[in-house]
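Have a look at the structure below before the remarks.
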Amino acid sequence: MSSAKAMHSAFLYHAIQAGLDMGIVNAGMLEVYEEIPKDLLALVEDVLLNRRPDSTERLVKFAESIKQKDKTEVEEDEWRKGTVEER
């Protein structure tokens with residue numbers, strides 16, 4: 001799960017709790033609040049609710065570690081190596 005989707009979902013959750021009753025959202029950018037991993041949720045809520053002075057740095061560090069894990073070599077399919085006619 002991306003930190004951006006987690007942030008959007010947590011923001012919307014807390015906004016509704018604070019009284020938001022109407023809004024326009026991109027449903028593709030939302031996750032179910034209860035399904036956000038707890039470690040990520042804590043970092044996101046620290047930023048949204050301004051709970052820690054170093055919250056932004058901690059979230060950025062976490063996001064970079066996820067980005068590094070997600071980087072994998074993409075193997076080129078054999079069929080792509082041929083010409084258009086061969087495909």
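Using R₀ = 22 Å, calculate the FRET efficiency as 1/(1 + (r/R₀)^6) where r is the Cβ-Cβ separation of Thr56 and Leu30; round to 0.05.
Values: r = 22 Å, r/R0 = 0.99.
Using R0 = 22 Å, I get an efficiency of 0.50.
Give the shape of the chain as rounded, prolate or oblate, defined through the alpha-carbon gyration tensor: a ≥ b ≥ c are the square roots of its eigenvalues, a/c under 1.5 means rounded, and otherwise the shape is prolate if a/b is larger than b/c and oblate if not. Intermediate results must be reported in sequence, preceding the final value.
Working: a/c = 4.11, a/b = 1.93, b/c = 2.13.
The shape class here is oblate.
Pairs on different chains or at least eight residues apart, Cα atoms closer than 23 Å: how many lysine pairs in the chain fit?
12
I need the phi-derived Karplus couplings for segment 24-39: 6.51 cos²θ - 1.76 cosθ + 1.60, θ = phi - 60°, integer Hz, Gly and Pro marked x.
10, 10, 9, 4, x, 9, 10, 10, 6, 3, 5, 9, 6, x, 4, 5
Could you please state how large a percent of the accessible area of the chain is carbon and sulfur, counting protein chains only and using a 1.4 Å probe? Write out the running numbers ahead of the final one.
On the way: 3780 of 7010 Å².
Summing carbon and sulfur atoms, their accessible area is 54 percent of the total for the chain.
Could you sort Ile16, Ile66, Ile24 by their accessible area in this structure, using a 1.4 Å probe and putting the largest first?
Numbers: Ile16 90, Ile66 45, Ile24 175 Å².
Sorted descending by solvent-accessible area, the residues read Ile24, Ile16, Ile66.
How much net charge surrounds Met1 when only the other residues with a Cβ under 9 Å from the Cβ of Met1 are counted, with Lys and Arg +1 and Asp and Glu -1?
On the way: positive: Lys5; negative: Glu31, Glu35.
Within the 9 Å Cβ shell, the charges total -1.
The values are calculated or read from the model by the stated rules, or taken from the named source; none is laboratory data. Since we're looking at a predicted model, the values are computed, not measured. Quick reminder, even Gly has a Cβ in these numbers, built from the backbone with ideal geometry, and neighbours come from all protein chains shown. The area values use the complete protein model at the heavy-atom level, side chains included, leaving out ligands, DNA and RNA. Shrake-Rupley method; radii C 1.70, N 1.55, O 1.52, S 1.80 Å.
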